[in-house]
Amino acid sequence: MNIELDEGALTKRASAGPSLYFTSAMPKSGVKAVLGILHGYADYGARYAHVMGALAEHGIGSVTIDMRGHGRAGGTRGYCNRFDEFLDDARELKSLVRDRAKGAPTFLFGHSFGGLVATMSALAEPAPWNGLILSAPFFGLALEVPRVKILAGKVASRLYPKLGLPSGLAGKDLTHDVERANAYDGDPLVFPNATARWFTEAVAAQERALATIPRLTMPLYMVFGTADKVASFSQGKRLFDAAGSKDKTFDPREGLFHEVLNEPSWKEIVDPMARWMLAHV
């Protein structure tokens, strides 16, 4: 495949924070668009390598970063002082995308928690994105969290912000692909805990997203598995419907789990996504 691959530590940042790690896959010629990818919680960029390769077949380059506290980036695993630190990381991704696009159209993609970050980033700084693509965005949990647990989380966030509680995520709950599920469970870069501060910051960001999503005007594409056990399908559809974008596409995938791009049918999701991007260049 005629693709130029690159990866490495991003130590020189425009904003304060730990070092990040980037991965890019660019067609060696004829770049039609470039996609910036934001991974989910306890996730990291290299897990999207198969997606990046498939996009390159369409002439679409892609760049992803490991956000702070994830993958090969610096920082405490799964921790942030405030949600806006992830928006700083998204700005670093935007800079990488711009450098590689060289004037070609650009799009922003976010999966799960990365979808929440991507949404808030696009709302705050819509330029230069031609469109926003969300995969199972984390606008709410699939299972309702008892109010007492939320209150306990807020107390822990103030007193013990780095306290890690089991996230309960297992590969079998993310994809029907047994091989990929087992790879997730055995991946040393995936971690099993959610910190108290991250949780309360994520919940607060979800509330802001619901309040501000009507301001989103760029083209929007959202794909969601109807059997998602992690992110709330109904809450995702609610925010999709509330988005101010006049050009928007909702792509429900019957029976699929949270990581739709790691399901056996992932290629059947990437190809329409690529065609959507090329229709918006």
Proxy reagent accessibility, fewest Cβ within 10 Å first, across Asp66, Asp185: Asp185, Asp66
Antiparallel DSSP bridges in the stretch 1-146: what percent, to the nearest 5? 45 percent
In the stretch 128-281, if the dipole is taken from +1 on Lys/Arg beta carbons and -1 on Asp/Glu beta carbons about the Cα centre, which of Pro188, Gly236, Ala211 is farthest to the positive end? Ala211
Mind telling me which of Ile269, Ile213, Ile150 comes out most flexible in a GNM of the chain, alpha-carbon contacts under 10 Å? Ile150
Per DSSP, loop trypsin sites (Lys or Arg not before Pro) in the stretch 156-262 with at most 10 further Cβ within 10 Å: Lys246
Relative contact order (%) - the stretch 1-132, alpha-carbon pairs under 8 angstrom, separation at least six: 27 percent
What pairs in Lys94/Lys154; Lys154/Lys237; Lys246/Lys267; Lys28/Lys229 have C-alpha atoms more than 29 Å from each other? Lys94/Lys154; Lys28/Lys229
Of Leu123, His70, Val97, whose Cα points farthest to the positive end of the dipole of the stretch 70-146 (charges on the beta-carbon: +1 Lys, Arg; -1 Asp, Glu; origin at the Cα centre)? Val97
Report, for the chain, the % of DSSP beta bridges that are antiparallel, rounded to 5. 40 percent
Over the chain, calculate the relative contact order: mean separation of alpha carbon pairs under 8 Å at least 6 apart, over the residue count, as a percent. 19 percent
Contact order normalised by residue count of the stretch 172-281, Cα under 8 Å, 6+ apart, percent: 33 percent
Taking θ = phi - 60°, what integer Hz values does the Karplus form 6.51 cos²θ - 1.76 cosθ + 1.60 yield along the stretch 23-34, in sequence order, with x for Gly and Pro? 9, 9, 9, 10, x, 5, 7, x, 5, 8, 6, 10
Less than 15 Å Cβ to Cβ from Ala211, Lys/Arg counted +1 and Asp/Glu -1: what total charge do the surrounding residues give? +1
Choice from Leu256, Leu220, Leu163 with maximal GNM fluctuation in the chain (Cα, 10 Å cutoff): Leu163
Can you list, bin by bin at 5 Å, the percent of alpha carbon pairs in the chain, starting at 0? 1, 6, 13, 18, 20, 19, 14, 6, 2, 1, 0, 0
Find which of Ser167, Ile150, Thr106 sits farthest along the positive direction of the dipole of the stretch 31-167, computed with +1 on the beta-carbon of Lys and Arg, -1 on that of Asp and Glu, about the Cα centre. Ile150
Summed over the other residues with a beta carbon less than 14 angstrom from that of Lys102, with K and R at +1 and D and E at -1, the charge totals +2
Taking the stretch 52-160, which GluC sites (Glu not before Pro) meet the DSSP loop condition and have no more than 16 other C-beta atoms within 10 Å? Glu57, Glu144
Placing one identical point scatterer on every Cα of the stretch 71-164 and ignoring solvent, what is log10 I(q)/I(0) from the Debye formula at q = 0.18 Å⁻¹? -0.96
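Since every read-out is calculated from the coordinates, none of them should be taken as a lab result. Here the structure is a predicted model, which is why all the values come from computation and not from measurement. Every residue, glycine among them, receives a Cβ derived from its backbone with ideal geometry; neighbour counts consider all protein chains shown.
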